[in-house]
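The values are calculated or read from the model by the stated rules, or taken from the named source; none is laboratory data. Remember, predicted model here, so these are calculated numbers, not experimental data. Cβ: placed from backbone, ideal geometry, glycine included. Neighbour counts: every protein chain shown. To get the accessible areas, we keep the full protein, side chains included, count just its heavy atoms, and leave off ligands, DNA and RNA. Shrake-Rupley method; radii C 1.70, N 1.55, O 1.52, S 1.80 Å.
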Amino acid sequence: MTPDRLRDALWGVPDPDWLAAALRRVAAEPSEIARLFPAVGRRCGRAELPDLPGWTADEAVRALLLVTLPADHAVQAEALYRAGDAAEKRAVLKALPLLPVGAAGVPLLHDAIRTNDTRLVAAALGPYARHLDPAAWRQAVLKCVFTGVPLAVVADLDVRADGELAAMLAALAAERTAAGRTMPADAIDLLDRLGAGVDTGPTAGTGQPQPREA
């Protein structure tokens, strides 16, 4: 994702003059972002962007406002996240990969992953989640499985998934099977890709992972 892609995707924004003025204002007076950020949904809409799957107009505009800041990106991002509603928090999380903040935004990921808001959890596991340490990242993936967040939202899933994650997922699959419950199909597919597929059929109620037939 790049700022140019966000701008191009916003060609149909309801109030382009307001957007252009807001970007100029933030560049000249960074403190104005606190006033403009909450107004984005009302002025630019919340529609999904046809040219940018997974993004809404308000998320893209808020990300551009953050990108436009001349300095203090990490401080402003944290302040806007802490003060924002769920939509504003999602926008900050999705903007993090575009900002020169290093790993300073990681506490925001931890906060989002602790919530029961599945859209926040999904936003936290985008490209910026590369800054999560392996243990925290594995727990976040497990949280997706628990809460029904599609694993397709997890950036770099096949690159980062390892034997430890496979063992955690296999143990969860065994627990669910023993309780007569199923695992999400995408989690089973991931286990297969990791070479740790488990038998989730009616005969696999032992509480231990059951290897698939070769």
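Among the listed residues 104, 95, which satisfies the condition of being outside any loop (DSSP other than H, G, I, E, B) and under 24 Å from residue 36 (Cβ atoms)? Walk me through how you get there before you give the answer.
On the way: 104 fails: outside any loop (DSSP other than H, G, I, E, B).
The match here is 95.
Just checking: which of the helices (runs of 4 or more DSSP H) contained wholly in the range 126-186 hold 3 or more residues that are of a type in the set (D, E, K, R)? Spell out how you get there, then give the answer.
Values: elements: 134-147, 157-160, 163-178.
In the range 126-186, 163-178 are the helices (runs of 4 or more DSSP H) which contain 3 or more residues that are of a type in the set (D, E, K, R).
Could you please tell me which pairs satisfy a Cβ distance under 9 Å, a separation of 6+ or placement on different chains, a first residue in the range 45-58 that is free of Cβ contacts under 8 Å to residues at least 24 places away in the same chain and within 14 Å of residue 3 (Cα to Cα), and a second residue that is assigned to a loop (DSSP other than H, G, I, E, B) and open to solvent by 60 Å² or more (accessible area, probe 1.4 Å)?
Short answer, once both residue conditions are applied: none.
Restricting attention to the range 70-80, and to residues there that are touching a residue at least 40 places away in the same chain (Cβ under 8 Å) and more than 14 Å from residue 35 (Cα to Cα), which single residue is surrounded by the most Cβ atoms within 10 Å (Cβ to Cβ)?
Residues of the range 70-80 touching a residue at least 40 places away in the same chain (Cβ under 8 Å): 70-72, 76, 79-80.
Checking which are more than 14 Å from residue 35 (Cα to Cα) leaves us with 70-72.
Values: 70: 10, 71: 9, 72: 13.
Result: 72.
Among 58, 72, which is at pLDDT 95 or above and at positive phi? Walk me through how you get there before you give the answer.
Details: 58 fails: at positive phi.
Unique residue meeting the criteria: 72.
Give the residues of the range 14-23 that are within 28 Å of the chain's Cα centre (by Cα) and either without any contact (Cβ under 8 Å) to a residue 24 or more places away in the chain or open to solvent by less than 50 Å² (accessible area, probe 1.4 Å) (or both), sorted by residue number.
Of all residues in the range 14-23, those within 28 Å of the chain's Cα centre (by Cα) come to 14-16, 18-20, 22-23.
Correct list: 15, 16, 18, 19, 20, 22, 23.
Take the residues in the range 24-55 that are closer than 19 Å to residue 99 by Cβ and under 19 Å from the mean Cα position of the chain (by Cα); name whichever of them is surrounded by the fewest Cβ atoms within 10 Å (Cβ to Cβ).
Filtering the range 24-55 for residues that are closer than 19 Å to residue 99 by Cβ and under 19 Å from the mean Cα position of the chain (by Cα), the one surrounded by the fewest Cβ atoms within 10 Å (Cβ to Cβ) comes out as 54.
Identify the residue in the range 132-162 that is small (Gly, Ala, Ser) and either at pLDDT 95 or above or surrounded by 13 or more Cβ atoms within 10 Å (Cβ to Cβ) (or both) and, among all such residues, is nearest to residue 117 (Cα to Cα).
Kept after step one, since they are small (Gly, Ala, Ser), are these residues of the range 132-162: 135-136, 140, 148, 152, 155, 161.
Next, from what is left, pick out any that are either at pLDDT 95 or above or surrounded by 13 or more Cβ atoms within 10 Å (Cβ to Cβ) (or both): 135-136, 140, 152, 155, 161.
Details: 135: 21, 136: 18, 140: 13, 152: 17, 155: 18, 161: 23 Å.
Of everything passing the filter in the range 132-162, 140 is nearest to residue 117 (Cα to Cα).
For the range 163-183, enumerate the residues that are among the basic types (Lys, Arg) and either exposed (fewer than 14 other Cβ atoms within 10 Å of the Cβ) or in contact with a strand residue (DSSP E or B) (Cβ under 8 Å, 6 or more places away or on another chain) (or both).
Filtering the range 163-183 for residues among the basic types (Lys, Arg) gives 176, 181.
Within the range 163-183, just 181 meets the criteria.
Would you confirm whether any residue within the range 120-129 is open to solvent by 20 Å² or more (accessible area, probe 1.4 Å), modelled with pLDDT of 95 or more and not aromatic (Phe, Trp, Tyr)? Give the derivation first.
Taking the range 120-129 as the starting set, the residues that turn out to be open to solvent by 20 Å² or more (accessible area, probe 1.4 Å) are 122, 127.
Next, from what is left, pick out any that are modelled with pLDDT of 95 or more: 122, 127.
Filter again for not aromatic (Phe, Trp, Tyr), leaving 122, 127.
Yes, that holds for at least one residue.
Exactly one of (1) open to solvent by 60 Å² or more (accessible area, probe 1.4 Å); (2) modelled with pLDDT of 95 or more is unmet by residue 202. Its number?
That leaves (2) as the condition not met.
Taking the condition under 11 Å from the mean Cα position of the chain (by Cα) and among the hydrophobic types (A, V, I, L, M, F, W, C), does residue 124 pass? Before the answer, list the steps.
Numbers: under 11 Å from the mean Cα position of the chain (by Cα): yes; among the hydrophobic types (A, V, I, L, M, F, W, C): yes.
Yes.
Test residue 6 against the stated conditions and say whether it is within 18 Å of residue 128 (Cα to Cα), in contact with a helix residue (DSSP H, G or I) (Cβ under 6 Å, 6 or more places away or on another chain), part of a helix (DSSP H, G or I) and free of Cβ contacts under 8 Å to residues at least 40 places away in the same chain.
Numbers: within 18 Å of residue 128 (Cα to Cα): yes; in contact with a helix residue (DSSP H, G or I) (Cβ under 6 Å, 6 or more places away or on another chain): yes; part of a helix (DSSP H, G or I): yes; free of Cβ contacts under 8 Å to residues at least 40 places away in the same chain: no.
So residue 6 does not fit the description; no.
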